[in-house]
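A quick write-up on the structure given underneath.
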Amino acid sequence: MNVAVAKTGKGRAVSDLFTSAEGRLPGSSAVTAVRREAFETYERLALPHRRIEEWKYTDLRALVGEVLPLAAAPDAAALKLAADTVKTHAIAGARKLVLVDGVFAADLSDVKAFVAEVGFKTLRETLEKDAGLLKTASTDAVISLNAAMATDGVVLDIADGAQLSAPIQIIHIATATSASAFTRSQVTIGKGARATIVESFVAAGAAAYQVNDAVIVSVGDDADVAHIRLMDDAPDALNVSSHFVTVGANVKFNFFNMTTGAAVSRLQGFITLAGEGSELSANGVNLLQKTEHGDTTLVVDHAVPNCVSREVFRAVIDDRAHSVFQGRIIVRPDAQKTDGKMMTRALLLSDEAEADNKPELEIFADDVSCGHGATAGALDDSLLFYLKARGLPEKQAQALLIQAFVGEAIEQIADDGLREHVIGIAERWLERRS
Amino acid sequence: MHHLNRLDTKMALLEVKDLKVRVEEREILHGLTLTVNEGEVHAIMGPNGSGKSTLSHVIAGKPGYEVTDGQILFKGEDLLEMSPDERAAKGVFLAFQYPVEIPGVATMNFLRTALNAQRKARGEDEYSTPDFLKKVREVSKSLNIPQDMLKRGVNVGFSGGEKKRNEVLQMALFEPSLCILDEMDSGLDIDALRIAADGVNALRSPGRAMVVITHYQRLLNYIVPDVVHVMSKGRVVKSGGKELALELEASGYAQFEDAA
């Protein structure tokens with residue numbers, strides 16, 4: 001009886017969320033129909049909880065409870081605040097695309113700098129004609145909610161053969177406290193193109209907000225792509241992001257995710273290797289403290305033969321924080337000669353820190369080389385003593401060892417400048433800690 | 001008191017007084033007394049299990065040892081009150097018997113971080129990069145340490161000889177006033193030993209003392225001590241000049257087992 005009431009209560013709250021926002025959600029009537037359907041799916045499933053296998057370690061019902069109302073479109077004051085934040089988080093030389101509280105901010109973005117080989121539209125513009133972007137191959141409650149509620153995003157179309165020397169940086173900025181932003185973007189990379197995409201999530205004065213983002217990436221044959229995601233949302237924020245990546249043939253795809261913020265976060269990446277001869281390097285670092293909960297979930301689907309995938313994941317967990325890594329490698333029956341390896345390690349800096357590592361191999365082909373490893377442990381006392389005996393104070397000795405530990409994942413970033421940028425983020429996190 | 005000492009002899013750098021140390025409820029040092037003056041090289045010899053390495057670890061501040069009685073003074077200050085990094089900054093250096101490998105921490109970065117941490121603790125300016133590099137190059141050249149070794153992780157993939165040379169390199173860089181060499185000869189062939197010992201000898205100076213801990217007399221052919229102590233069962237049971245080492249080589253430690 002009580003349970004039923006609670007469910008109705010939650011359902012009604014979501015209904016209010018949707019109906020009150022509907023007037024602000026862009027799209028044709030066809031889009032509205034898709035949104036309604038997605039919303040009904042979400043309402044039926046409600047927030048994921050621990051009895052849903054994929055969400056076993058990240059029980060959003062317990063951790064978050066409710067979805068906050070849609071953030072208002074940013075006013076002049078919000079945009080001013082965001083402009084300052086853009087300056088501090090912009091990667092040197094990058095072409096910036098800025099979303100403030102879920103709405104594309106043209107004045108803060110470098111759209112005019114895009115050359116002819118990069119097509120750009122907003123999600124809002126795209127949805128005037130077509131609802132296709134709201135549909136994804138795999139879906140769950142948060143993805144459905146994103147489809148129902150997405151207010152804006154960027155839609156990039158990088159031409160065949162384009163060689164982009166400057167990274168494209170998508171910066172998500174939150175200025176609205178106790179509100180939600182829903183964004184959805186698409187990046188299409190042409191055959192033989194070379195591109196670097198960076199996503200940054202940061203707060204500009206906002207607290208206790210929620211981010212639900214989705215990114216659909218499609219990589220053409222022979223392309224060379226780096227995709228770096230840096231999530232440093234406010235310490236009391238929620239960030240749930242879903243990536244859907246389809247990789248063509250003979251592609252080099254280098255992905256890296258860094259989690260340094262948010263009270264609760266989950267990045268779920270669904271990467272399909274759909275063309276032969278491709279190499280995927282998918283790596284990440286979670287740096288967590290206090291009571292933060294950070295979940296990195298990667299599903300790598302080898303759908304065709306002769307692809308290589310490598311995953312290196314590191315978590316550093318202090319205080320009472322909780323890190324989750326779920327890595328699934330699927331090898332389809334036809335995907336012979338697959339070479340898939342995954343290594344995840346967690347470093348626990350306190351007795352109350354928690355790490356859940358869940359590597360899974362689902363292999364349906366018989367001529368493959370796949371493996372995974374997982375470890376969890378504390379800093380090595382003998383190494384700490386050696387460093388202290390050489391004059392390093394405790395915290396500095398720890399910091400040096402932690403840097404070395406996460407370095408194993410960070411060094412997988414191919415681009416020198418971005419690698420240094422990420423090392424800088426790790427250093428600042430360590431300074432914050434001491 | 002130290003002024004008086006300086007007038008008649010040399011200043012006592014390290015004073016270990018009636019030191020009693022336990023590891024997990026078992027007493028290892030049973031009242032050890034030892035004084036090392038500046039400029040002197042002392043050898044501590046003794047059989048396995050006599051407490052030699054325990055002494056070196058307690059002086060450096062390694063956790064896991066419980067001092068139940070006695071004291072250790074360094075330049076007149078209570079060493080046991082200091083954390084290991086404070087001891088290092090004050091000038092205590094332990095050359096490890098088994099230097100650890102630290103993957104992912106480049107040797108050069110480690111050396112600079114450690115040196116600057118010590119200087120900062122002493123209120124000195126950090127080394128400038130050119131000065132630091134110049135100094136590292138000089139010292140590493142004299143120790144036959146190739147530059148590419150300094151780019152690798154600390155001791156990662158180093159041979160036994162290279163690890164010991166890396167310890168001597170640090171001694172030369174940090175310029176400690178007390179160097180404790182814990183079984184420096186273990187795992188070294190004669191050529192590697194000679195290079196490491198030459199490096200140590202180059203660091204002998206009137207203001208610096210050394211304590212050479214060894215099981216075998218062999219090392220003392222290369223690093224010739226001023227004073228030799230024999231340890232047995234957690235105490236110093238005999239002290240003498242360098243000839244005592246040769247005596248031990250001839251007659252063995254058995255004669256001291258009962259004396260302890």
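When each of B:Leu34, B:Leu29 is tested for being aliphatic (A, V, I, L, M), surrounded by fewer than 23 Cβ atoms within 10 Å (Cβ to Cβ) and under 13 Å from B:Arg235 (Cβ atoms), the lone residue that passes is B:Leu34. The set of residues in the range A:170-205 being part of a loop (DSSP other than H, G, I, E, B) and under 22 Å from A:Phe18 (Cα atoms) consists of A:Thr175, A:Ala176, A:Thr177, A:Ser178, A:Ala179. Looking only at the range A:407-424, residues that are crowded, with 17+ Cβ neighbours inside 10 Å and part of a helix (DSSP H, G or I) come to 8 in all. Scanning the range A:258-299 for residues that are of a type in the set (Val, Ile, Thr), in a strand (DSSP E or B) and out of contact with any Lys or Arg (no Cβ under 7 Å at 6 or more places or on another chain) yields A:Thr259, A:Val264, A:Ile271, A:Thr272, A:Thr296. Look through the range A:191-219, keep the residues that are in contact (Cβ under 8 Å) with a residue 60 or more places away in the chain and among the hydroxyl-bearing types (Ser, Thr, Tyr), and return whichever of them is surrounded by the fewest Cβ atoms within 10 Å (Cβ to Cβ). Here the residue is A:Thr196. When each of A:Ser382, A:Ser350 is tested for being farther than 30 Å from A:Asp334 by Cβ, among the hydroxyl-bearing types (Ser, Thr, Tyr) and within 13 Å of chain B (Cβ to nearest Cβ), the lone residue that passes is A:Ser382.
Going through (1) part of a strand (DSSP E or B); (2) within 30 Å of A:Gly192 (Cα to Cα) one by one, A:Asp160 falls short only on (1). Of the candidates B:Ile195, B:Ile180, the single residue that is in contact with a Ser or Thr (Cβ under 9 Å, 6 or more places away or on another chain) and touching a residue at least 40 places away in the same chain (Cβ under 8 Å) is B:Ile180. If you check B:Val92 against the conditions, is it facing chain A (nearest Cβ under 9 Å), under 30 Å from B:Pro130 (Cα atoms), modelled with pLDDT of 95 or more and touching a Pro at 6+ places or on another chain (Cβ under 7 Å)? Yes: the conditions hold for B:Val92.
Look at the range B:70-81: where a residue is surrounded by 14 or more Cβ atoms within 10 Å (Cβ to Cβ) and a partner is among the polar types (S, T, N, Q) and in a strand (DSSP E or B), sitting 6+ places away or on another chain with Cβ atoms under 7 Å, you get B:Leu80/B:Gln71.
A:Ile410 versus (1) modelled with pLDDT of 95 or more; (2) more than 12 Å from every other protein chain (Cβ to nearest Cβ); (3) under 30 Å from A:Ala166 (Cα atoms): which is the lone unmet condition? For A:Ile410, the exception is condition (2).
Hey, can you tell me all the residues within the range A:353-381 that are surrounded by 12 or more Cβ atoms within 10 Å (Cβ to Cβ) and without any contact (Cβ under 8 Å) to a residue 24 or more places away in the chain? Step through it out loud before you land on a result.
Within the range A:353-381, the subset surrounded by 12 or more Cβ atoms within 10 Å (Cβ to Cβ) is A:353-365, A:368, A:370-372, A:374, A:376, A:378-380.
Matches in the range A:353-381: A:Asp380 only.
When B:Val136 is tested against (1) within 14 Å of chain A (Cβ to nearest Cβ); (2) within 18 Å of B:Glu175 (Cβ to Cβ), exactly one condition is not met: (1). Checking the structure you have, find out if any residue of the range A:386-394 is outside any helix (DSSP H, G or I), within 25 Å of the chain's Cα centre (by Cα) and facing chain B (nearest Cβ under 9 Å). No: zero hits. In the set (1) part of a helix (DSSP H, G or I); (2) within 14 Å of another protein chain (Cβ to nearest Cβ); (3) surrounded by fewer than 21 Cβ atoms within 10 Å (Cβ to Cβ); (4) not charged (D, E, K, R), A:Ala397 fails one condition alone, (3). Scan the range B:231-260 for residues that are within 24 Å of B:Gly187 (Cα to Cα), in a strand (DSSP E or B) and more than 17 Å from the chain's Cα centre (by Cα) and the total you get is 1. Being buried (at least 18 other Cβ atoms within 10 Å of the Cβ), in contact (Cβ under 8 Å) with a residue 60 or more places away in the chain and in a loop (DSSP other than H, G, I, E, B), is that true of even one residue in the range A:313-330? Within the range A:313-330 (the criterion being buried (at least 18 other Cβ atoms within 10 Å of the Cβ), in contact (Cβ under 8 Å) with a residue 60 or more places away in the chain and in a loop (DSSP other than H, G, I, E, B)), the answer is yes, since at least one residue qualifies. In the range A:413-426, of all residues being in contact with a helix residue (DSSP H, G or I) (Cβ under 7 Å, 6 or more places away or on another chain) and not β-branched (Val, Ile, Thr), the one that is farthest from the other protein chains (Cβ to nearest Cβ) corresponds to A:Arg419.
Filtered by the rule that a residue be under 13 Å from B:Asn166 (Cβ atoms) and either assigned to a loop (DSSP other than H, G, I, E, B) or within 8 Å of another protein chain (Cβ to nearest Cβ) (or both), the range B:106-124 gives B:Phe110, B:Ala114. Identification of strands (runs of 3 or more DSSP E) wholly contained in the range B:11-105 with 1 or more residues that are of a type outside the set (Lys, Arg) and more than 23 Å from B:Asn155 (Cβ to Cβ) yields B:12-23, B:26-37, B:41-45, B:66-74.
Remark: A:Ile363 matches the filter, which requires a residue to be over 25 Å from A:Leu230 (Cα atoms) and away from chain B (no Cβ under 14 Å). With respect to the conditions (1) within 14 Å of another protein chain (Cβ to nearest Cβ); (2) free of Cβ contacts under 8 Å to residues at least 40 places away in the same chain; (3) not polar (S, T, N, Q), B:Pro103 falls short on a single one, namely (2).
Among the residues making up the range B:50-69, a single one is hydrophobic (A, V, I, L, M, F, W, C), within 14 Å of chain A (Cβ to nearest Cβ) and without any contact (Cβ under 8 Å) to a residue 60 or more places away in the chain: B:Val58. Of all residues assigned to the range B:32-39, at least one qualifies as being closer than 23 Å to B:Leu169 by Cα and touching a Pro at 6+ places or on another chain (Cβ under 8 Å). For the range A:221-244, the count of residues that are out of contact with any strand residue (DSSP E or B) (no Cβ under 7 Å at 6 or more places or on another chain), farther than 25 Å from A:Val324 by Cβ and either surrounded by fewer than 22 Cβ atoms within 10 Å (Cβ to Cβ) or among the hydroxyl-bearing types (Ser, Thr, Tyr) (or both) is nonzero. In this structure, A:Ser200 qualifies as under 22 Å from A:Thr88 (Cβ atoms) and among the small types (Gly, Ala, Ser). Is there a residue in the range B:151-164 that is farther than 23 Å from A:Ala404 by Cβ and either surrounded by 15 or more Cβ atoms within 10 Å (Cβ to Cβ) or more than 19 Å from the chain's Cα centre (by Cα) (or both)? Scanning the range B:151-164, I find at least one residue that is farther than 23 Å from A:Ala404 by Cβ and either surrounded by 15 or more Cβ atoms within 10 Å (Cβ to Cβ) or more than 19 Å from the chain's Cα centre (by Cα) (or both), so the answer is yes.
The values are calculated or read from the model by the stated rules, or taken from the named source; none is laboratory data. Given the structure is predicted, the values throughout are model-derived calculations rather than measurements. Don't worry about glycine lacking a Cβ; one is built from the backbone with ideal geometry, like all the others, and counts go over all protein chains shown.
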